[in-house]
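The values are calculated or read from the model by the stated rules, or taken from the named source; none is laboratory data. What you see is a predicted model; the values in this text were computed from it and never measured. All Cβ positions, glycine included, derive from the backbone under ideal geometry; neighbour counts span all protein chains shown. Areas reflect the complete protein model, heavy atoms only, side chains present, ligands, DNA and RNA absent. Shrake-Rupley method; radii C 1.70, N 1.55, O 1.52, S 1.80 Å.
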Amino acid sequence: MSPLSRNEQRRSYPIAQSVEDVRRNLEVVRKRIAAACSRVGRNPAEVRLLPVSKTVPVERIRLAYAAGCRELGENKVQEAQRKAEALADLADLRWSIIGHLQTNKAKTVARFASEFQALDSLRVAEALDQRLQAEGHGLDVLVQVNTSGEASKFGLPPAEVASFVRKLPAFSALRVRGLMTLALLSDDPARVHRCFALMRDLRVRLRQEAPGGFGMEDLSMGMSGDFELAIEEGATIVRIGQAIFGSRPTPDTDYWPNQDRASTSTSSEHTP
Ligand SMILES: *Cc1c(COP(=O)(O)O)cnc(C)c1O
């Protein structure tokens, strides 16, 4: 089995129970990031590690804070909001929403998040912009791209990204930073690789179309099971949960409820 297999890796992450555990896990992940960078001649300073704390209770998030984490990714807005409130005493902790957003939750995101990585509709862009204008501040956003070709997964089809991005300057509170994707959940590295390579090519094309235009610096791609491959294809943000906090008790289908049959059957194998 490939070392990139998410299924394999998912089973092997012990729950981080102490500050030391989190610190050690962060160190291991950073070393792996550095190794992946060196394989392709990149500078590890170009890769931002975003720890993902979904399903992790606030007591264990405090361990991560003590271990040095100052930003966290959460997939669901309500869970993120609840945690942000419970951890409001940690004033310099920043929250990044990395999951699909409904327009009626835009208000909440505008209030407490510092980044939104899953923009894929003009309605959400408009709702966010309105709330942000009212709040008097901006928000970093990434456009989510569906690179896996799974019909029901969130994100724009690659062919629609350029025209979508061209419309975003109308929403002046949104600072467009780049693109985000979830690769295919597969044990076949070649298929995962194809998703990441597609993102790399897409960014090149967007930059050519509008040199110096929209800020297309960031590629957010790669999770615990596939971040090295993503870095080799140019990821500037990796979103990593289980390799830092330990295996999740819940299957990913709780977060990507609309995945197609292929992915769902893969996910069921994850359940311990
Ligand atoms: C959960 C999640 C991750 C992190 O996955 P791990 O397997 O815990 O590393 C990354 N991106 C998104 C959108 C997620 O929901």
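Data overview
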{"item": "Accessible area in square angstrom per residue, region 6-248, 1.4 angstrom probe", "result": "42 Å²"}
{"item": "Label point distance in nm, THR103-ARG32, each placed 7 Å from Cα along Cα→Cβ", "result": "4.0 nm"}
{"item": "Nearest-10 value in Å² for the accessible area of PHE154, using the 1.4 Å probe", "result": "50 Å²"}
{"item": "Label-point gap, in nm, between ARG70 and ARG207 - each point 7 angstrom along Cα→Cβ", "result": "2.7 nm"}
{"item": "19 Å Cα-Cα reach of LYS76 towards lysines, excluding residues that sit fewer than 8 places from it in its own chain", "result": "LYS54, LYS105, LYS107, LYS153"}
{"item": "Most to least accessible of LYS54, LYS105, LYS167 (protein chains only, probe 1.4 Å)", "result": "LYS167, LYS105, LYS54"}
{"item": "Overall form of region 6-248 per C-alpha gyration tensor (a/c, 1.5; a/b vs b/c)", "result": "oblate"}
{"item": "Shape category assigned to region 85-181 from the gyration tensor of Cα positions, a/c cut at 1.5", "result": "prolate"}
{"item": "Calculated FRET efficiency for the pair GLN17/ALA190, C-beta based, R₀ 41 Å, to 0.05", "result": "0.65"}
{"item": "Nearest-0.05 FRET efficiency for ARG123 and ALA45, computed from C-beta distance (R0 41 Å)", "result": "0.65"}
{"item": "Per-residue SASA entry for CYS37, accessible area with 1.4 Å probe, Å² rounded to 10", "result": "0 Å²"}
